[in-house]
Amino acid sequence: MIRYFFILFMMIQLNSFGQSYKTQIEKHREHYKEDFLKDFRSPLKQDDLKNLHFFEADSNYRVNAKVELLKNESPFQMPTYTGTSREYIRYAILSFKLNGVDQKLTVYKSISLSKVEEYKNHLFLPFTDESNSEETYGGGRYIDLSSQDISGDVIEVDFNKAYNPYCAYSDGYQCPKPPVENDIKLKVKAGEMIYTGDKKHK
């Protein structure tokens, strides 16, 4: 009888955790949508938000990655989809398992943003995967991280928070192309999906 109640308790706890996590992701996505309406450079207006779509929240795509900080890296020019480039530096290598497969991704730091107080700890994780051009934007997606979220040598990476660059919605934006080293050889069915509205021209 005690064992039965223990199992029941664990099932309730796991169900509660699942609902709590999905609620967190739903709130994150609501804030994400609201930010489009606050940014004067935004390609989307209120009526466009209905064309934003996301995979269902899945905690299997939230991973703890081991962080290997890189030293003596030189700044480099990361190409954008408009043919220009932006200056970044390779900040760290993140190692983790995703769907049982070992992965390594590089996280970057923007040289220009790092000079702005509000963004001095911002880390940029662009990536491509095998869902691109089918279920997700063909140009890859981004995840925002912070150096302050590194605990010891570990950081949480949540692919449920992966989002599209502005180039997914409109031409004319200088969106960095994810480097080849950040191509994931599987489908990342988490985060933002393909935008279903008309692509606008700035």
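The values are calculated or read from the model by the stated rules, or taken from the named source; none is laboratory data. Remember, it's a predicted structure, so these values are computed and weren't measured experimentally. Please note: Cβ atoms are built from the backbone with ideal geometry, for glycine as well, and neighbour counts cover all protein chains shown. The protein model used for the area step is the full one, side chains on, heavy atoms only, and it has no ligands, DNA or RNA in it. Shrake-Rupley method; radii C 1.70, N 1.55, O 1.52, S 1.80 Å.
Would you kindly work out the equivalent ellipsoid of the chain from its C-alpha gyration tensor and give its semi-axes, the square roots of five times the eigenvalues, largest first in whole Å?
Working: eigenvalues 185, 107, 51 Å².
Rounded to whole Å, the semi-axes are 30, 23, 16.
Efficiency by 1/(1 + (r/R0)^6): what FRET value for VAL154 and ARG41, r their Cβ-Cβ distance, R0 = 30 Å, to the nearest 0.05?
Values: r = 34 Å, r/R0 = 1.14.
Computed FRET efficiency for VAL154 and ARG41: 0.30.
Straight-line reach from LYS161: which aspartates and glutamates have Cα under 12 Å away, leaving out those fewer than 8 places along the same chain?
Within the straight-line limit of under 12 Å, LYS161 reaches these aspartates and glutamates: GLU26, GLU30, GLU56, ASP58, ASP144, GLU192.
Report, in whole Å, the centroid distance computed from the Cα atoms of region 123-139 and region 31-80.
First find each Cα centre; the distance between them is then 11 Å.
LEU49 to GLU118: FRET efficiency via 1/(1 + (r/R0)^6), r the Cβ-Cβ distance, R0 30 Å, to the nearest 0.05? Don't skip to the end; give the middle numbers.
Details: r = 25 Å, r/R0 = 0.83.
Calculated value: 0.75.
For the Cα atoms of the chain, what angle does the longest principal axis make with the long axis of helix 2-38, in degrees from 0 to 90, nearest 10?
The angle comes out at about 20 degrees.
Please state the charge dipole magnitude for the chain, taken about the Cα centre, from unit charges on C-beta atoms (+1 on K and R, -1 on D and E), reported in debye and rounded to the nearest 20. Please report the intermediate quantities before stating the final value.
Working: 28 positive and 29 negative charges, 16 e Å.
Taking the Cα centre of the chain as origin, the dipole is about 80 debye.
Take each of the peptides 96-102, 83-89, average the number of other beta-carbon atoms within 10 Å over its residues, and list them starting from the highest. Walk me through the numbers on the way to the answer.
Values: 96-102: 12.3, 83-89: 14.0.
Ranked from most to least packed, the peptides come out as 83-89, 96-102.
Using modelled amide H (1.01 Å from N, peptide plane; none on Pro or chain starts), what sits under 5 Å from the amide H of SER131, excluding residues fewer than 5 places away?
Amide H neighbours of SER131, under 5 Å, 5+ apart: VAL188.
Could you do me a favour and compute the accessible area per residue for the chain, 1.4 Å probe, result in Å²?
Numbers: 11970 Å² over 202 residues.
Spelled out: the 1.4 Å probe surface of the chain, per residue, equals 59 Å².
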